[in-house]
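Visitor: One structure follows; several queries about it will come next.
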Amino acid sequence: MVKIRWWPARRITAVGALCAMALFALPGIASAHVTANAGTAQQGGYTKVSFRVPNERDAASTTQLEINFPTDHPIASVETRAVPGWTSTAEKTKLDKPIKTDNGEISEVVSKITWTGGKIPPGSFEEFDVSMGPLPTDTDELVFKALQTYDNGEVVRWIDTAPEGAPEPEHPAPVVKLTPAKATQAAVTSEAPTSDRNSSTGVWGVVLGIVGIVLAITGIIVGLLNRRSATAG
C-alpha cells in the first residue's frame, strides 16, 4: 500500500507565497530600464513619446536624464512637457540637407534634450513627455540613446542595440518602431469588426448569465414548494 504524505498547511502557504513573489519580481527585473512609450508610431505623423525612467539603485537618486535624437533621421518639431521640479534644455544641430515642411525648410533640429534639477528616489520612476513630428518616412524605427545620471556620480548609458531576433542587450536604447500610414489604417479597419463581435458576445454572456441565475432561483422555489406540499400531504 502506497502511503501519501500530506504537507502541513503552513508549509504549503509558505511555498505559495514564495512562488507569488518570484512571479511578481521577474517582470520588474525585465522592464527596469529606460523605455520609450508608446513603442510604435506612424511614419509621417506626429506623436507623443514618454521616456520612462526607473531608479535601479537602492542608495542613490537619479538627478539627470539625457536623450539623444537620431540626426540621420531628423525630426523638425520637438516640444517637451513641463515636469514639476525638472528643467529641460534642448541642443540643436545643423543639417547638411534641410528638411522640407509645410512652413518652409528647416536647417536646424533638436539633437539632444537634457533634464536636470529634479530627483527620482529609489523605488520610483518618472516620465518625460516629448511631442515630435513629422516622423521620418525613410526608416522603420527611431533609436533614442539615453544617459541616466545618479547623485553618486554613476552614469548608466542606455545606448545598446541588437538585430531583430537577437537577445536583448544589457543596456538597450529606447526605441520607437515606425509603421507605414496605410498599414496602420488597414490594421484599425480590420480590428473594428472583431471589437464589435467581442462587444456583442460580452452582452449576450451577461444576458445568459442572468437567465441562468433566474432559472436556478426558480428551480429552488419550485423544489421547496413541492417539498412543502409533500409534507402537508
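Visitor: Obtain the nm distance between the two label points defined at residue 59 and residue 157 by a simple spin-label model: each point lies 7 Å from its Cα along the Cα-to-C-beta direction.
Guide: So the two model labels end up 2.6 nm from each other.
Visitor: Next question, about the same structure. Compute the distance in nm between two label points, each set 7 Å from the Cα along the Cα-to-Cβ direction, one at residue 71 and one at residue 83.
Guide: 2.4
Visitor: Give me Rg/Rg_expected for the stretch 61-147, where Rg uses Cα atoms only and Rg_expected = 2.2 N^0.38 Å with N residues.
Guide: Compared with the compact-globule rule of thumb, the stretch 61-147 sits at 1.21.
Visitor: Can you list the lysines whose alpha carbon is less than 28 Å from that of residue 182, not counting same-chain residues fewer than 8 positions off?
Guide: The qualifying lysines are 48, 97, 100.
Visitor: Over the stretch 139-179, with a single point scatterer placed on each C-alpha, what log10 of the ratio I(q)/I(0) does the Debye formula yield at q = 0.26, 0.35 1/Å?
Guide: -0.91, -1.16
The numbers here are math on the coordinates, done by the rules we state, and not lab data. Bear in mind that the values here come from a model prediction, so they are computed numbers and not experimental data. Neighbour counts are summed over all protein chains in view; Cβ atoms, including those assigned to glycine, are modelled from backbone coordinates with ideal geometry.
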